[in-house]
Amino acid sequence: MKSIHTKLKLNNKQKTLMAQHAGYSRWCYNWGLSLWNAAYKDGYKPNVRKLREVFTNHTKPLIPWMKKLSSRVYQYAFIHLGEAFKRFFKGSSKYPKSKKKGRSDSFTIDNCGKPIELNGWSHKLPFIGTVKTYEPIEATTKKITISRQAGEWYLSCSYEFHFHTTPKKTDVVGVDLGVKTLATLSDGKVFDSVKSYQKFEAKLSRLQYLNRHKEAGSANWKKVQLKIAALHGKVANIRKDALHKLTTYLAKNHGTVVIEDLNVRGMLANHKLAKSIADQGFYEFRRQLAYKCKWYGSELVVVDRFFPSSKTCSDCGHVQDMPLNLRTYDCPECGLSIDRDLNASINLRKQVGNSEVSISCGKASPTECKTH
Ligand SMILES: [Zn+2]
């Protein structure tokens, strides 16, 4: 079993619907908990099944707004309450507390026994309708949980993993991750750097500056902290979105994707580069590429970081120093003049099948890999 936790792209109407369902779930959980406490005080031995019966037969019919929401929500609210008590009796957690609005906004629904299919970027959920996600997901699951964190809604579920292979346009592609550009592919395609968040970053540092003298914990301080958290989220999402587009494109359309095992630690020693590398999220790039290659049936090849992809002429193999400020590779041997990143990406593509260069696939440990 694998699990998914991903952000939902919702319109205002959908956000309201989610908040209503989370409110419904919280209401039932808290109602059940207080009835449990009251029954216990009166000398009864409460259980979740009895509470649910009281709710279904006597309470729910009296509250009209509940009819407009999915009835699966209250079923799961009671299941979760029962689980909380089970954990308490086992001694693995504290006595269940009532849920507070804004802190535990979540609800779980299922499809009345039928599977829920999640496929791609847009998903039809029972009762809720069609929702979009910021990354493509693939899963067949029995139930999903929708929750709110820092004002954003997320979908999570567990599922059994399955693969599906997409037709490939290109056999092998080399990818050079850059500083000036996000990525340059060996066929000449360029993915630009994400610049749009820089304006948010300026705003972010201004907010942090303004908040420095406010009393921590005061109402004003909290207000600004919330804004800061929201901006942080925005910046992270813009970055993540660009990476997802790139990694999906690579894994879907190419039989083999060749990347360089970047010496990130060495590069981080260079302060100017450091920020750029952190911004572009190289680790995240590799992580996404590894799982998406599995999804779409392509192979990820990681070339040893000692291979001089930038210094080698992709035409004749001549090797020369290439300081970072040189954007064009000019070869004195064969006369080739080519964009620095494109040259590197072509070199990476050429490494497939070269036994002199140590390559590994994207798998976590070398023992897992049977090919290399
Ligand atoms: Zn050359």
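Residues considered: Ala230, Ala344, Ala183. Largest GNM mean-square fluctuation over the chain, using C-alpha springs under 10 Å, is found at Ala230. Surface composition of the chain: carbon and sulfur make up 53 percent of the accessible area, probe 1.4 Å. Solvent-accessible area of Val303, all protein chains in place: 0 Å² (probe radius 1.4 Å, heavy atoms, ligands and nucleic acids excluded). Measuring between their Cα centroids, region 203-248 and region 1-72 lie 32 Å from each other.
Kirkwood radius for region 1-132, taken over all pairs of different Cα atoms as the inverse mean of 1/r, rounds to 16.3 Å.
Only lysines eight or more places from Lys41 in sequence, or on another chain, were considered; those with a Cα closer than 25 Å are Lys50, Lys60, Lys86, Lys90, Lys94, Lys97, Lys99, Lys100.
Applying 0.36 nm per residue to the separation of Arg87 and Lys223 and subtracting their alpha-carbon distance, the gain on full extension is 45.4 nm.
Accessible area per residue was computed with a 1.4 Å probe on protein heavy atoms; Cys313 scores about 0 Å². Taking 0.36 nm per residue of sequence separation and removing the Cα-Cα distance, the Ser104/Asp261 pair yields an extension gain of 52.5 nm.
Compute the orientation-averaged projected area for region 106-148 from the convex hull of its Cα atoms and round it to one decimal in nm². Each step should come with its number before you reach the end.
On the way: hull surface 11.6 nm².
One quarter of the hull surface, i.e. the mean projection, equals 2.9 nm².
For Lys68 and Ser34, FRET efficiency with R0 = 35 Å and r from the beta-carbon atoms, rounded to 0.05?
Values: r = 24 Å, r/R0 = 0.67.
Given R0 = 35 Å and the Cβ-Cβ separation, E is 0.90.
Using a simple spin-label model with pseudo-atoms 7 Å out from Cα toward Cβ, Tyr249 and Ser3 lie 3.3 nm apart. In the assembled protein chains, Lys292 presents an accessible area of approximately 0 Å² (probe radius 1.4 Å).
Evaluated with a Cβ-only charge set (Lys, Arg +1; Asp, Glu -1), the chain carries a dipole of roughly 2880 debye about its Cα centre, given to the nearest 20. Quick check: pseudo-label points 7 Å beyond the Cα along Cα→Cβ at Leu324 and Asn57, how many nm apart are they? In this crude label model, Leu324 to Asn57 measures out at 7.3 nm.
Rg then Dmax, both in Å and based on the Cα atoms of the chain: 26.5, 93. In the chain, a dipole from Cβ-located charges (positive for Lys and Arg, negative for Asp and Glu) runs towards its positive end, and of Ser310, Ile63, Met322 it is Ile63 whose Cα lies farthest in that direction. Label positions at Ser158 and Gln208, each projected 7 Å from the Cα along the C-beta direction, are separated by 3.8 nm.
Work out the length of the dipole vector of region 64-120 about its Cα centre, built from +1 on the beta-carbon of each Lys and Arg and -1 on the beta-carbon of each Asp and Glu, and round it to the nearest 20 debye.
Values: 13 positive and 4 negative charges, 81 e Å.
Here the size comes out at about 400 debye.
Take every Cα pair under 8 Å whose residues are at least 6 apart in sequence, average their separation, divide by the length of the chain, and the relative contact order is 15 percent. Annotation: aspartates and glutamates with alpha-carbon distance below 18 angstrom to Lys67 (same-chain offsets under eight excluded): Glu53, Asp110.
Subtracting the Cα-Cα distance of Asp315 and Ala216 from 0.36 nm times their residue separation leaves 29.6 nm of extension gain.
The values are calculated or read from the model by the stated rules, or taken from the named source; none is laboratory data. The shown structure was predicted, so the numbers you read here are calculated from the model rather than taken from an experiment. Quick reminder, even Gly has a Cβ in these numbers, built from the backbone with ideal geometry, and neighbours come from all protein chains shown. Ligands, DNA and RNA are excluded from the accessible area calculation, which covers all protein heavy atoms including side chains. Shrake-Rupley method; radii C 1.70, N 1.55, O 1.52, S 1.80 Å.
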